[in-house]
Amino acid sequence: MKKILIITLIFCSCNFFNEEKNNIPENLISEEKMINIIYDMSLISVSKGINKRILENNGMKPKTYILNKYKIDSLQFVNSNEYYSTDLEKYLYIYESVLTKLELNKEIVIDTIEKIRAKRAERSKQIILEGQKNDSIDNSKNPYRSVLLKN
């Protein structure tokens, strides 16, 4: 009799937990908004690792910033994250989307850096050419200048 009671309690408790996991929270954050939130969290997390002093000196609190930006509270985020984690397909979709956005952002940053380097190299060449032109113009106007400098 005790065995039947214990087995029944185990099945009831498992069923209770399954029902609880399937309940949609009242203020569920949409998948698209969750993607954006997690994306921003990733960017801020990386920036904290690179130069934490800048964030601290500007008085920025990353967690508070994100919550205010998306007009959510931490409990809403935790409940939504917990809900999505119960459905593996949705959870993977969210994180794959975040990864895709991060990779796209990386490509944009790399392209921008390459363009800036190319512009700097071109500008350096222009400065060198202008310097050479100015030297040749100065020497042609005053041929004695170079002689005076050598003495």
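Rule-based calculations on the coordinates, nothing more; no lab input. If you're wondering where the values come from, they're calculated on a predicted model, not measured in any experiment. We place every Cβ from the backbone using ideal geometry, glycine too, and count neighbours over all the protein chains shown.
Charge tally for E114 (other residues, Cβ to Cβ under 13 Å; Lys, Arg +1; Asp, Glu -1): +2. Extension gain, L88 to L75, is 2.6 nm, computed as 0.36 nm per intervening residue step minus the present C-alpha separation. Across all Cα pairs in the stretch 60-103, the calculated P(r) in 5 Å bins from zero up to the longest distance comes to 5, 20, 18, 22, 26, 8, 1 percent per bin. Summing charges over all other residues whose Cβ lies under 13 Å from the Cβ of N68, with Lys and Arg as +1 and Asp and Glu as -1, gives +2. In this rough spin-label picture, where each label sits 7 Å from Cα along the Cβ direction, the K63-K125 distance is 5.2 nm.
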